[in-house]
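What follows draws every value from the coordinates through simple rules; no lab data is involved. The structure displayed is predicted, hence computed values, not measured ones. With ideal geometry, Cβ positions are generated from the backbone for all residues, glycine too; neighbour counts draw on all protein chains shown.
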Amino acid sequence: MNIHFISIGGSAMHNLALALHEKGDLITGSDDAIFEPSKSRLESKGLLPEALGWFPQKIHEGLDAIILGMHAKADNPELIKAQELGIPIFSYPEYLYEHSKNKTRVVIGGSHGKTTITSMILHVLKYHNIEVDYMVGAQLEGFDRMVHLTNENEIIVLEGDEYLSSPIDLRPKFHLYKANIALLSGIAWDHINVFPTYENYVDQFRIFTDTMVKGGMMVYNEEDKEVKKVVEESSNQIKRYPYKTPDYTVEDGATILETEEGEIPLEIFGKHNLQNLEGARGICFHLGVSEEDFYEAIADFKGASKRLEKIGENSETVIFKDFAHSPSKVEATTNAVKEQYPNRTVLACLELHTYSSLNEEFLKEYRGSLEKADQAVVFYSPHAVKIKRLKEVSEEQISKAFQRDDLIIYTEPKAFKDFLFSKDLSNTALLLMSSGNYGGLEFDEVKELL
């Protein structure tokens, strides 16, 4: 196949390009900005565009397909040329479906936990030498890429994102996969810029459930009331397998899973991660992995990149960074750290960085999310609010939304960094939550706090 990527530099897009190149397809691409690590990874395989920008001359009748990334606009000159020539155009998820339509498609969905659950499943399958195709939203230890595609593997494991597919395909990605086996971890309103009401957001998970292949299997978190309702009320003819938080204890900063196979010490921690583990176990069971084999493999799972990732520790201090930004993720992550370190001061720092988190109407969803933190800090950039063309939010609005009188708020990167580096972190668990970098904070620098 001769395939051209419009917007090849994105995290997901460049991984798909590398996967198809590895499979033997001829790959070209364009983008108007490419950053690390995408740049180096594309360059190493000879796939880095010679120049940045859009070049309609790259689009010709010899192409078998165009893969269109979300970063591109609907008036992109390369896209327009492809439409004029009648070249098949696929969004990222459309192409994954096209590749896997004759495979067993395992799709992991939910507002939170889907990257971690997908990572757990892949970790277990790799441990037991079970070969599958996959697409996951984070770089995993022991895996070269976030995407792996073959012609021969019979199963593909897909992280099912509810965000939009492409500039010309406004369907959520996970609607396109038509899962044979699926999982729903939880539903908590997110992406307010696309789904303006809670009900509209929940509808996307109803559609996902209804688009499953008839006779398929749904593994779902019965402790999430919305997930339970969506799955159990669906008229689709699917088999339903509920799961819930397994029994566990926390002893001296270590989480111990209680199983019929005995006590199993884990590298991960937090109630939400134990729920994720149980969901992953359910999926692995349907893929032929026994309970005993699952526990053997999962014991050394350390987590997905940026998901409650330990970046440093000494006898007095432990530092984590986490991709958490939505209210449910912030609450789950904060609670997990406090449960794991009940006798330490938990200093939780959250950057409001996304469209939803900086929306004045959505802010109230954060109420109570930092409650378990002993000290809570919120950082946001008024400049980012302007860039996103949102109505300005004030420190007073943020303080009111979180319902913490002692909430510390910073709007200047230097002031936040000065605060962080002036703190005595003795007997402290520091938690840095953001999908950004606090206006330029280098996480390697944070290790100097130890």
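When Thr333, Thr245 are ordered from fewest to most other Cβ atoms inside 10 Å of their Cβ, what list results?
Fewest to most other Cβ atoms nearby, the residues stand as Thr245, Thr333.
Answer with one residue from Gly160, Gly137, His123: the one whose Cα lies farthest towards the positive end of the charge dipole of segment 95-298, charges on Cβ with Lys, Arg +1 and Asp, Glu -1.
Positive-most Cα among the choices belongs to Gly160.
For Thr28, Thr249, Thr334, which order do you get if you count the other beta carbons within 10 Å of each Cβ and list the fewest first? Working shown, then result.
Numbers: Thr28 15, Thr249 10, Thr334 24.
The most exposed by this proxy come first: Thr249, Thr28, Thr334.
What lysines does Lys228 reach when the alpha-carbon gap must be under 26 Å and sequence neighbours fewer than 8 apart in one chain are set aside?
List returned: Lys114, Lys173, Lys178, Lys214, Lys239, Lys244, Lys271, Lys329, Lys364.
Which of Arg240, Arg344 comes first, and how do the rest follow, when ranked by fewest Cβ neighbours within 10 Å? Provide the component values of the computation, followed by the final result.
Numbers: Arg240 15, Arg344 20.
Fewest-to-most ranking of Arg240, Arg344: Arg240, Arg344.
Lysines within cross-link reach of Lys423: Cα-Cα under 20 Å, excluding same-chain residues under 8 positions apart?
Cross-link targets: Lys310, Lys321, Lys338, Lys372, Lys414, Lys447.
Could you work out the relative contact order of the chain? I mean the mean sequence separation of Cα pairs under 8 Å and 6+ apart, divided by the number of residues, in percent.
11 percent.
Given +1 on the Cβ of Lys and Arg, -1 on the Cβ of Asp and Glu, and no further charges, what dipole in debye does the chain carry about its Cα centre, rounded to the nearest 20?
1060 debye
Can you list the residues, at least 5 places off or on another chain, whose amide H is less than 5 Å from the amide H of Ser166, using H built in the peptide plane?
Placed amide hydrogens put Arg171 under 5 Å from Ser166.
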